[in-house]
Structures are given as C-alpha cells and as structure tokens.
Amino acid sequence: MTRALLSLSFLSFACLVAACTGPRPLEVPPVTTARATRDGTLASTATSPPAPRAASTYAGHGADSVPPEVLARFAPTPIPPQVSRRIQAMLDVRAPVGKRLSPDGKSLFFSWNVSGTSQIWKVDGPRRFPVQLTGGEDVARLEGVMPDGKTLVILRDRKGEENPGVYLLDEGGGLPKQVQHTPKVQSFVSWVSSDGKTVWLRANDVKPDSYAIYRYDVATGKRELVFGEPGLWSLAEVQGERLLLQKQTGELTSEWYEYEASSKKLAPLFGQDEKEEYEVAYAAQPGELLVQTPKFGEYRRLFRVSAKKLKGGPLAAGDVAPVTPEMPHDVKHVAIDRAKKRIYASVNDGGFTRMRVFDAKTYVEKALPKIPAADHVTFESATWDGRFAVMTVGTATAPATSHVVDWDAGTAEKWILPSTPEVDTSTFAVAEPMTYPARDGTKIPAFVRRSPACAKPAPGAAPCPVIVSFHGGPEGQVLPGFDQRAQIFVDAGFVWVAPNVRGSDGYGKTWLHADDGPKRLAVVTDIEDAAGWARRTFTHAGKEPKVGVTGGSYGGYSTLVAMTMFAGAYDAGVANVGMSNLLTFLQNTAPYRRALRAAEYGDPEKDRETLLRLSPVTYIDKVKAPLLLVQGASDPRVPIGEAIQMHAALEKRGQATKMIVFPDEGHGAQKRENRVLEIGHTLAFFETHLLGRAK
C-alpha cells in the first residue's frame, strides 16, 4: 500500500468513528510579532496564516484508534550497532527511585528499571545486593509499605496506557494480588490505614471524567464506594471517618473539602469560588491544617490554618499563620510523616533543591543530619513511627544516591549506590545557568551543557551546533543536576540548551501564569528568541552554528511551534508526543485530562480562535526545515492522531519529514529497547541535519 493511501486510510477510519462532525473551519486573523533577526535587531512581521485543517481529521486516542497498517508503516527501524552501544552504555548509568522503608528501618523497597522496565526491588541493609520482586514487560511502581512490613502496595500499567491497576505484593515476592485493574480505567492508591486493614482507592470507573473514592478491605477483598460525586476528586488524608478531599479545577488549582463518611456530609473548607493553587494536609495539632499556597505572595509558602475558621470560599490572609519564612523561592513540596513528628519542605532555589525540616508540633526548624553537598536533596518517605526517613541526594556528576536518616541516632547513612558501568560520570558536563533576552527585554533562564571542545573551539574550527530542548508541562521546569540523556548529545558534539520559558514553574506565580489561555500569544515568542540568542552566543570565528529544537509533550508542542509559526528560526526539529492542533488535542485527549488542560490552554468553544492561532498545523505551509515526529500509540494524553495529522499535512506539501510510532508505548518511551531507538533516531536526525554526517 502506498504512503498516500495509508494516510487516506487513517483519515477515512477516523471519519468512520467520528462521522466527521467536528468543529467548522475558521479563518484565523493575522498574528503580528516583532521577529528577532540573526544580527539581534527586531523586525516587525505580520503573518496571515491559512485556515487550519479541519478539526475532525481523527477521533479518540490509544492504539485502537488507528488501524494496524498505520502502526506497521511507522514502526521504528533498527539503528546502527555502534550507535546503540553508545546509548545502551549511557542507559546503564542509573539509580533507583521511589524508595520506602520497612517499618523497622531494616529493608528498603524501590522501583528500578535495571531490567529494562521499572520493577520493584528490595535491599536488606546499607549497600547490600538488591533482590528483584516483580518482573515482566509491564511497568510496576511502588506506592507504599503496609504497617506490618509484610505487604507492599504497587501500581501496574500496560503499554503506557496510563490506566494503572492496584495490587498487593508480599515483601518476599511472588505473584501480586490484584485489588483493581480494569481496562480503560485509572485506579490509584490514595491512603493506607494505620492498622493495615484498609486501602483507600480512587478510580474513574463510574465516569471517565470523574474519580470516585473507594474503601477496600484487605482481609475480605471487598470494595465499597464511599464517595461518588462527579468531579476530579482525590483523597489527601483519612482521620477516622473524616476524609480530606481535593477537587481539581485545573492542573494546579483546586477546592478543598472535608467529608464525614458515616453521615455522608460534605463540608467545604476553602478554594471555592476561586482558581487558586493549594496543597493541604492535617497538621499535628488537632483542628489545624497545613496549607501550601502562593496566594499571599509571589512564591509558594507553607502556612498553618485553623479548620474551625473555614466555612468554604476563598482562603483569607487573616486565616493563616506562616510556617516557612518569606523568601524569593518556592516551597516546592511539603510532606508530614504519619506519626505527625516532622514536616519536610523542599525549597526550589533557582532550580536547585534545598531541604528544610520543621517540628510538626512546635513548627521550629530542625537541623537535618549531615548529608553530602548536592544539587538536590529531596524527601522520599518516612517510616510509620517517623524515626527513619529516606532522602535522595543528587549531584551533576553522578546518579542520585539514597540516604536513610535515623533521627534518634542523628545519622544519615548511604544505602544504595548508583550504577555507572564503563562510564566516567565525573567528566559529565555541569549545567551552566545562563539567560537570554526575549524581544520585550525579559531575561529567560536556561541551563547550558557543553563539552570543553565546544566551550572553547579550536582556532578555525566550526562552531558546535546547538540543540534547544524545551521541557513539558507547560508547568514543568528544567533542573540542573545529573542528566545522562543530555550527555549523549554533548558527547556527540552538540551544545545542549534547556530554557525555562515563561509559563515554567519555579520562578514565581507571575512567571508560571504568564502563558495561561490567550496570554500564551504574547510569550510564545520565547521559543523563537532562544534560537536567535543561540546563534549569536555560540558563534565562533565569525560562523553561526546550526540550531535544532526538541522536546516532549508540551516540549513537543513547542518544537512544532518552533518549526511552523517560527519557521526558519531552527534548522531541524524532533518533536516527541507533541500537540499539533490544540483544538483537536482537547477534543480527543482522555476525558479526565480535558478539563485540566482546557484550564491551561483555553476552552474549545470560547477560545476556539485563540487555540487555532496557537496551533502548529495552522502554519504548516511555512515549514522550511526537516522534522522528525515521535509518538506512542497508546498515549492517552496526546493522542496519536496529533502526530499523524501533522505528518500527513507535511507529506502532502512535500516537506522533508519522518515519523516513528511505538505501538507498545504511551506518553513517552519507558521500555529500554524503545528508549534506545527513540534516542538513537533523534541523535541520527540531528547528526544528519546539523552536523552534516551521513546516516
């Protein structure tokens, strides 16, 4: 079957499913920007993009939304053995994640992908040999350890569908016991009772765009519906019959309630009638809540609140008392141990993570036992009695290590050593903080990694080409520290630039919300400005470098914007699971995500015009440079149709483009063999188009 017929086959299949009754085409008004020329001056440009392609070119998401012949056509091809070996060696450099201690502090459980996919492991003591507890091709993630230390609570997913199931696993291994795993349903662990008799779950099995709360009896295996009102509900904490409930109104914003399970009474606490960011937990003092929010300043801060004052509606400044001091940094993450002894607060200091600990009853700050200097120190978990805590310690030149803090002894001992076979990680490029000017003068932070040869090229040598990598989110943040993926490209002779454009987390709420809805039109130019700055900054001997662009998820969308709306700014692009049309994306993403993403990008009806103005497919006829699209067939977040419609439009106009689809992956590759292929094809694409090397 020819490529043209295959494209038509997909479009015809989508029309059969959706009856091609999507929104009407729209004439998009001109977009006027001040374009940065390569010499650094500003030139006003006005573009009149053509009407975007019909919004109904596909329907649904997941592997069953496309015919098998489409998956076969775009299956990844093998990469050269020498390239595979380079990538395989770098992927062998790794460390475990998601650590939980047994209640007695004698065993550590964690997730590790050393077998090719993330599985559950156990180690009985510091620096001892770990034992693998789960296996197979499906990803397993550790959620918790029961109070008796004999049972683990885990999640398992299939093919990256992001429809995990909940299982119980004996700490000695064996076949996991299924609690709930239903096709096309998300099931999550919310809470485990202090006596280990009950596991609380949430699942979207009643409505795909809502989460119900369940109580599962471990002894009998019976599941009981406790709370089933429509909404994106999650269970934060349980105290007896009282449930602390969160109702998401956006990716970051939420309302908070307390629910009495015995009387079935739902009482609003705060967050109603506003769109504000809150994270909440029960405090050690009865009747008090811990609330993390940026509402009363530019940065997130931790406060204590008397629940007796709360009757629903917006939280007022007079209701709160600060726990953490005022500072020009976000309190990034807050956790209180189950024993209510200590509060762990991670502070985002310009991308570096600093740990602060407070007594849960007095709120007096406590000194953390001595831990080696690091770029990131993060809290993982604490034992049920609060005596032991697991900290992850990360630097720029080694994978993260796990330290167990014994508060009674006042010690912090390294338990797990990272794996670095055949790779000298001490030579890894350290991320250099830099900024580049946006066209309105705003300084955009970025982290730059490069080899000594690229930092100081030899006289007469050509400048090293640059790859600008945009993060996902868009509420994500690029952090300094250890990054073996970036190092692969540094070793290949590229300068790796990772910006935190406006809309990124970690720089205050004004920066974070600078791109909400229609405001994105004013700051999306940060994407183009990065290219102009890279050309000027990394010019050598009067020669400009070639500049490529890449990213995943929202970073994939940013890549598509860079290659279409700002065509000519970049010389090649690789977009991984990126949205090509914000309207069709919102129409077809998983129901539980639609409301959250609409709050970020805009309403499909009210903001339709803006969504289309911000969609890469709108500017498809401007594309000038080669583009590689990478997609997982099972992706529930960014449907595979987003990539296929982009590829079909580019192919129709004869533009150099390539697409790779992983039939057994979702929102990004997780299996080792697929990660090798994804990185390998990306590397080969940039080597061909930026370095001029033959494939």
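The values are calculated or read from the model by the stated rules, or taken from the named source; none is laboratory data. What you see is a predicted model, and the numbers here were worked out from it, not measured in a lab. Please note: Cβ atoms are built from the backbone with ideal geometry, for glycine as well, and neighbour counts cover all protein chains shown.
Give the range 415-441 a look and list any residue that's over 26 Å from Ala455 (Cβ atoms), surrounded by 15 or more Cβ atoms within 10 Å (Cβ to Cβ) and at pLDDT 95 or above, or say none.
Arg439
Pull out all pairs, ordered by first then second residue, where Cβ-Cβ is under 8 Å, the residues are six or more apart or on different chains, the first lies in the range 325-340 and is more than 12 Å from Tyr299 (Cα to Cα), and the second is charged (D, E, K, R) and surrounded by fewer than 17 Cβ atoms within 10 Å (Cβ to Cβ).
Ala339/Asp385; Lys340/Lys361
Any idea which of Ala396, Ala367, Ala429 is farther than 24 Å from Trp121 by Cβ and without any contact (Cβ under 8 Å) to a residue 24 or more places away in the chain?
So the residue among Ala396, Ala367, Ala429 that is farther than 24 Å from Trp121 by Cβ and without any contact (Cβ under 8 Å) to a residue 24 or more places away in the chain is Ala367.
Taking the residues in the range 522-546 that are touching a residue at least 24 places away in the same chain (Cβ under 8 Å) and part of a loop (DSSP other than H, G, I, E, B) as candidates, determine which candidate is surrounded by the fewest Cβ atoms within 10 Å (Cβ to Cβ).
Taking the candidates together, the pick is Ala541.
Please indicate, with yes or no, whether at least one residue in the range 132-143 is within 19 Å of Val390 (Cβ to Cβ) and outside any strand (DSSP E or B).
Checking the range 132-143: at least one residue is within 19 Å of Val390 (Cβ to Cβ) and outside any strand (DSSP E or B).
Quick check on my filter: what residues within the range 242-279 are surrounded by 16 or more Cβ atoms within 10 Å (Cβ to Cβ), in a strand (DSSP E or B) and of a type in the set (Gly, Ala, Ser)?
Ser254
Of the numbered conditions (1) at pLDDT 95 or above; (2) more than 28 Å from Phe303 (Cβ to Cβ); (3) more than 25 Å from the chain's Cα centre (by Cα); (4) surrounded by fewer than 16 Cβ atoms within 10 Å (Cβ to Cβ), Ser451 fails exactly one; give the number of that condition.
Among (1) at pLDDT 95 or above; (2) more than 28 Å from Phe303 (Cβ to Cβ); (3) more than 25 Å from the chain's Cα centre (by Cα); (4) surrounded by fewer than 16 Cβ atoms within 10 Å (Cβ to Cβ), Ser451 violates only (4).
Identify, from the list Ala656, Ala684, the residue that is modelled with pLDDT of 95 or more, over 21 Å from the mean Cα position of the chain (by Cα), of a type outside the set (Lys, Arg) and surrounded by fewer than 23 Cβ atoms within 10 Å (Cβ to Cβ). I'd like the intermediate steps shown before the answer.
Details: Ala656 fails: modelled with pLDDT of 95 or more.
Matching residue, one of Ala656, Ala684: Ala684.
Matching residues to (1) assigned to a helix (DSSP H, G or I); (2) touching a strand residue (DSSP E or B) at 6+ places or on another chain (Cβ under 6 Å); (3) within 19 Å of Val577 (Cβ to Cβ):
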site: Ala599; (1), (2), (3): yes, no, no
site: Pro604; (1), (2), (3): no, no, no
site: Val630; (1), (2), (3): no, yes, yes
site: Ser634; (1), (2), (3): no, yes, yes
site: Gly641; (1), (2), (3): yes, no, yes
site: Ala648; (1), (2), (3): yes, no, yes
site: Val661; (1), (2), (3): no, yes, yes
site: Glu673; (1), (2), (3): yes, no, yes
site: Leu677; (1), (2), (3): yes, no, yes
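Can you find, within the range 564-610, the residue that is nearest to Gln670 (Cα to Cα) among those that are more than 17 Å from the chain's Cα centre (by Cα) and of a type in the set (Ser, Thr, Tyr)?
Top of the filtered list is Ser580.
State all residues of the range 607-622 that are crowded, with 22+ Cβ neighbours inside 10 Å and not basic (Lys, Arg); if no residue qualifies, say none. It would help to see each step written out before you state the result.
Going residue by residue through the range 607-622, those that are crowded, with 22+ Cβ neighbours inside 10 Å are 611-620.
The answer is Leu611, Leu612, Leu614, Ser615, Pro616, Val617, Thr618, Tyr619, Ile620.
Hey, does the range 228-237 have a residue that's crowded, with 19+ Cβ neighbours inside 10 Å and without any contact (Cβ under 8 Å) to a residue 40 or more places away in the chain?
Scanning the range 228-237 turns up at least one residue that is crowded, with 19+ Cβ neighbours inside 10 Å and without any contact (Cβ under 8 Å) to a residue 40 or more places away in the chain.
Report yes if Leu586 is in contact (Cβ under 8 Å) with a residue 40 or more places away in the chain, part of a helix (DSSP H, G or I) and under 30 Å from Arg675 (Cβ atoms), otherwise no.
In short, no.
Within the bounds of the range 111-124, is there any residue that is closer than 28 Å to Leu245 by Cα, touching a strand residue (DSSP E or B) at 6+ places or on another chain (Cβ under 7 Å), among the polar types (S, T, N, Q) and in a loop (DSSP other than H, G, I, E, B)?
Scanning the range 111-124 turns up no residue that is closer than 28 Å to Leu245 by Cα, touching a strand residue (DSSP E or B) at 6+ places or on another chain (Cβ under 7 Å), among the polar types (S, T, N, Q) and in a loop (DSSP other than H, G, I, E, B).
Taking the range 554-574 as the region of interest, how many residues are in a loop (DSSP other than H, G, I, E, B) and not small (Gly, Ala, Ser)?
4
Could you tell me whether Thr682 is within 28 Å of Pro465 (Cβ to Cβ) and in a helix (DSSP H, G or I)? Even if it seems obvious, please write down each step before you answer.
On the way: within 28 Å of Pro465 (Cβ to Cβ): yes; in a helix (DSSP H, G or I): yes.
Judged against the criteria, Thr682 is a match.
Quickly run through the range 166-208 and pick out the residues that are closer than 21 Å to Tyr259 by Cα, of a type in the set (D, E, K, R) and within 29 Å of the chain's Cα centre (by Cα).
Hits for the range 166-208 are Arg202, Asp205, Lys207.
Could you say which residue among Ile154, Ile120 is without any contact (Cβ under 8 Å) to a residue 40 or more places away in the chain and buried (at least 19 other Cβ atoms within 10 Å of the Cβ)?
Ile154
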